[in-house]
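Novice: This structure is in structure tokens; I'll ask about it shortly.
The values are calculated or read from the model by the stated rules, or taken from the named source; none is laboratory data. On a predicted model such as this, the values are computed, not experimentally measured, just so you know. Ideal geometry is used to build each Cβ from the backbone, glycine not excepted, and the neighbour counts take in all protein chains shown. SASA here: full protein model, heavy atoms, side chains in, ligands and nucleic acids out. Shrake-Rupley method; radii C 1.70, N 1.55, O 1.52, S 1.80 Å.
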Amino acid sequence: MYRNTGTAEYNKIEMKSIIGKKVGMTSIFDTNGRQTAVTIIEAGPCVVTQKKTVETDGYNAVQIAFGDKKEKHTLLSEKNHFAKANTGAKKFVKEIRDSETDKNVGDTIGVDIFAEGENVSVVGTSKGKGFQGVVKRHGFPGVGEGSHGQHDRQRAPGSIGGSSTPSRVFKGMRMAGHMGNEKVKVKGLKIVKIFPEKNYLLISGSVPGHNGSIVLIQK
């Protein structure tokens with residue numbers, strides 16, 4: 001999550017992170033009747049499956065795992081790895097850079113690491129939208145209007161380069177292409193409500209991905 005520079009300032013940082021699954025969106029109301037749109041995330045519980053240190057690996061980090069996986073779909077090497085943490089096979093594994101942590105292999109991380117009112121960042125994979133044109137992908141207005149000889153040009157990209165000069169199309173030109181299905185990080189989201197008994201986090205606003213997708217919540 002950050003580059004370890006070896007300074008005292010970074011060595012005092014402890015990053016709180018947890019893997020979760022996006023459940024969906026809903027609305028909640030406060031005592032004044034004000035409505036807030038929130039995203040429900042089933043966060044954890046995650047198991048610490050590996051702990052790295054500067055002495056053994058050159059940097060400090062913890063590896064957390066989330067989601068049960070069927071034994072028949074698990075490699076023997078994965079089974080042995082998870083067995084060291086006294087846990088079953090897991091689907092999703094994420095390494096969190098952390099210079100100071102009291103978590104050890106086999107410990108469980110739950111939603112109690114966060115507090116209501118905290119601001120967090122959510123990392124996920126955005127919804128894939130397939131091959132899209134320039135109007136939807138880049139917000140182009142189209143070429144001209146529907147009169148004066150224009151024919152089926154409302155959503156066209158227009159000219160993309162010169163003729164004799166420069167006789168090529170510049171790199172990075174905004175054109176039609178694949179849209180979505182990219183790693184997205186949304187910052188400054190607020191934890192509105194926590195339900196520890198269900199491992200639910202209610203986060204204000206929307207987070208990337210479809211319902212059921214895996215996200216990483218980090219402080």
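Novice: FRET efficiency for Val23 and Arg155, Cβ-Cβ distance as r, R0 = 30 Å, nearest 0.05?
Specialist: Details: r = 36 Å, r/R0 = 1.19.
Once rounded, the FRET efficiency stands at 0.25.
Novice: Right, next: What order do Met179, Met25 take when sorted by accessible area (1.4 Å probe), most exposed first? Working shown, then result.
Specialist: Details: Met179 40, Met25 105 Å².
Order by accessible area, largest first: Met25, Met179.
Novice: Any lysines with Cα under 21 Å of the Lys190 Cα? List them, leaving off those in the same chain fewer than 8 positions away.
Specialist: Output for Lys190: Lys16, Lys21, Lys22, Lys198, Lys219.
Novice: Need one number: nm distance between label points at Ala83 and Glu197, each 7 Å from Cα along Cα→Cβ, rounded to one decimal.
Specialist: Rounded to a tenth, the inter-label distance reads 3.8 nm.
Novice: At what distance in nm do the modelled label points of Val135 and Glu71 sit from each other, each positioned 7 Å from its Cα along Cα→Cβ?
Specialist: Placing both labels 7 Å beyond Cα along the Cβ direction yields 5.7 nm.
Novice: Within the accessible area of the chain, what % is carbon and sulfur when the probe is 1.4 Å and the other protein chains stay in place? Each step should come with its number before you reach the end.
Specialist: Values: 6630 of 13580 Å².
Carbon and sulfur: 49 percent of the exposed surface of the chain.
Novice: Taking the dipole about the Cα centre of the range 161-208, with the C-beta of Lys and Arg at +1 and of Asp and Glu at -1, give me whichever of Gly162, Gly180, Asn199 is farthest to the positive side.
Specialist: Result: Gly162.
Novice: Run the 1.4 Å probe and let me know the accessible area of Asp102, rounded to the nearest 10 Å².
Specialist: 110
Novice: Same structure, new question: Of the listed values [x] 14.2; [y] 20.7; [z] 10.4, grab the one calculated as mean projected area of the Cα convex hull in nm² from the structure here.
Specialist: [y]
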